[in-house]
Amino acid sequence: MSRYVSKAIQGMAFFFAACAVPHTWAAPDAVAGKAKAQLCAACHGENGVSSIPDTPHLAAQPPLSIFYPIAAVP
Ligand code: HEC
């Protein structure tokens, strides 16, 4: 077996071992997510369509642009 192939197999073994380690991300929790999103609804509107001048609509924003501010909510 070439040296390259054995390195690749070692790499895969490491990858799968890493997958087995419990990680700290919680399972998605729609109820908690909705509670956090209520904060945003105060200004950005219940369905992401804001009725306040100078407050942008969040509907149709790229998902990560919403994810980061919500993830920052304690
Ligand atoms: C107190 C009112 C208020 C609350 C609460 C609020 N926002 Fe905002 N948000 C604004 C305003 C005003 C802007 C526009 C700021 C600017 O243009 O500098 C904004 C901008 C944004 C933007 C950028 C949108 C764009 O088109 O540039 C995102 C994304 C965003 N808010 C997400 C959130 C999320 C997610 C939450 C809840 C965790 C939240 N906001 C809570 C008032 C609020």
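Quick notes
- In this structure, I70 qualifies as touching a residue at least 12 places away in the same chain (Cβ under 8 Å), β-branched (V, I, T) and out of contact with any Asp or Glu (no Cβ under 8 Å at 6 or more places or on another chain).
- Residue within region 38-50 that is within 7 Å of the ligand (Cβ to nearest atom) and touching a residue at least 24 places away in the same chain (Cβ under 8 Å) present: yes
- Subset tally (residues that are within 16 Å of the chain's Cα centre (by Cα) and among the polar types (S, T, N, Q)) for region 34-74: 2
- Residue that is farthest from the ligand (Cβ to nearest atom), among those in region 52-74 that are small (G, A, S) and farther than 15 Å from Q38 by Cα: A60
Every read-out reported here was derived from the displayed coordinates using simple, explicitly stated rules and does not represent laboratory data. Nothing here was measured: the structure is a model prediction, and the numbers come from that model. Note that each Cβ is placed from the backbone with ideal geometry, even for glycine, and that neighbours are counted across all protein chains shown.
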